[in-house]
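The values are calculated or read from the model by the stated rules, or taken from the named source; none is laboratory data. Since the model is a prediction, treat every value here as computed from it, not as a measurement. All Cβ positions, even for glycine, are placed from backbone atoms using ideal geometry, and neighbour counts span all protein chains on display. Side chains are part of the model used for accessible areas, which takes the heavy atoms of the whole protein and leaves out ligands, DNA and RNA. Shrake-Rupley method; radii C 1.70, N 1.55, O 1.52, S 1.80 Å.
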Amino acid sequence: ELLVATILSAQSTDEVVNQVTPELFRRYPTVADLAAAPREELQHALYRTGFFRNKAKALQEAAQYLLEHYGGEVPDRMEDLVKLPGVGRKTANVVLGSYFGKNEGIVVDTHVARVTQRLRLTREHEPEKIEQDLMALVPREQWTNFPHRLIWFGREVCMAKDPRCDLCELSDLCPSAFKVGRFVRRGPDPKG
């Protein structure tokens with residue numbers, strides 16, 4: 001279920017995924033059920049998540065691959081997970097960290113990328129390069145929890161369009177913020 005929900009989260013919100021998955025898991029409770037589902041029926045069930053045709057195809061192909069290669073079980077190794085259709089490092093890191101308790105990498109979503117770039121923890125723009133920079137900075141035992149904190153921070157404080165620098169406890173350290181009077185506002189980096 002975590003693997004499916006993470007695949008569905010691409011270009012969608014947690015709210016929508018959480019609305020779609022209970023019915024999806026009720027209708028297709030096993031890997032075999034998902035693999036055998038009529039494609040149009042599955043697409044209809046996924047419609048609200050966006051990119052429903054691609055997601056339905058990826059889910060079914062991943063389910064079929066799991067049945068053929070792993071007896072329907074989700075593997076617990078990065079190199080095996082990324083072979084599944086619809087699964088890249090981000091999804092594999094979510095499953096490995098949150099389900100298997102393995103710190104193999106750091107999840108880099110849009111929030112993590114934005115916040116780490118604003119804090120100048122990375123100057124990279126590609127998720128895998130951002131991940132490598134963060135893995136060099138963050139202790140391995142924090143690799144699973146660190147992005148959860150950044151995602152919350154990115155949603156609640158360091159938002160994309162209207163960051164709340166006036167509420168941010170990191171504003172004094174943040175190269176992307178500057179002070180105007182007693183308030184902190186986001187502004188251009190004076191060093192370029």
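Residue-wise test of (1) within 27 Å of Leu24 (Cβ to Cβ); (2) more than 15 Å from the chain's Cα centre (by Cα); (3) of a type outside the set (Gly, Ala, Ser).
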{"site": "Pro85", "(1), (2), (3)": "yes, yes, yes"}
{"site": "Gly101", "(1), (2), (3)": "yes, yes, no"}
{"site": "Val112", "(1), (2), (3)": "yes, no, yes"}
{"site": "Val115", "(1), (2), (3)": "no, no, yes"}
{"site": "His125", "(1), (2), (3)": "no, yes, yes"}
{"site": "Gln132", "(1), (2), (3)": "no, yes, yes"}
{"site": "Ala136", "(1), (2), (3)": "no, yes, no"}
{"site": "Pro147", "(1), (2), (3)": "yes, no, yes"}
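In summary, Thr6 fulfils each of the numbered conditions (1) within 23 Å of the chain's Cα centre (by Cα); (2) without any contact (Cβ under 8 Å) to a residue 12 or more places away in the chain with the single exception of condition (2). Cβ separations smaller than 9 Å between residues 6+ apart or across chains give the following pairs from region 143-169 residues that are over 30 Å from Ala92 (Cα atoms) to residues that are in a helix (DSSP H, G or I): Arg164/Glu156; Leu167/Glu156; Cys168/Phe153. Only residues that are loosely packed, with under 14 Cβ neighbours inside 10 Å and in contact (Cβ under 8 Å) with a residue 12 or more places away in the chain were counted across region 52-64, and they come to 0. Restricting to region 111-140, name every residue that is part of a helix (DSSP H, G or I), touching a residue at least 12 places away in the same chain (Cβ under 8 Å), under 18 Å from Arg89 (Cα atoms) and open to solvent by 70 Å² or more (accessible area, probe 1.4 Å). Selection gives Pro127, Glu128, Arg140.
Report yes if some residue within region 12-35 is of a type in the set (Ser, Thr, Tyr), free of Cβ contacts under 8 Å to residues at least 40 places away in the same chain, closer than 29 Å to His111 by Cα and surrounded by 14 or more Cβ atoms within 10 Å (Cβ to Cβ); otherwise report no. Yes: region 12-35 contains one or more residues that are of a type in the set (Ser, Thr, Tyr), free of Cβ contacts under 8 Å to residues at least 40 places away in the same chain, closer than 29 Å to His111 by Cα and surrounded by 14 or more Cβ atoms within 10 Å (Cβ to Cβ). I want to confirm something. Restricting to region 65-80 and keeping residues that are assigned to a helix (DSSP H, G or I) and not hydrophobic (A, V, I, L, M, F, W, C), which single residue is least open to solvent (accessible area, probe 1.4 Å)? The residue in question is Asp80. Selection over region 15-48 of residues that are among the charged types (D, E, K, R) and within 19 Å of Glu61 (Cβ to Cβ) gives a count of 5.
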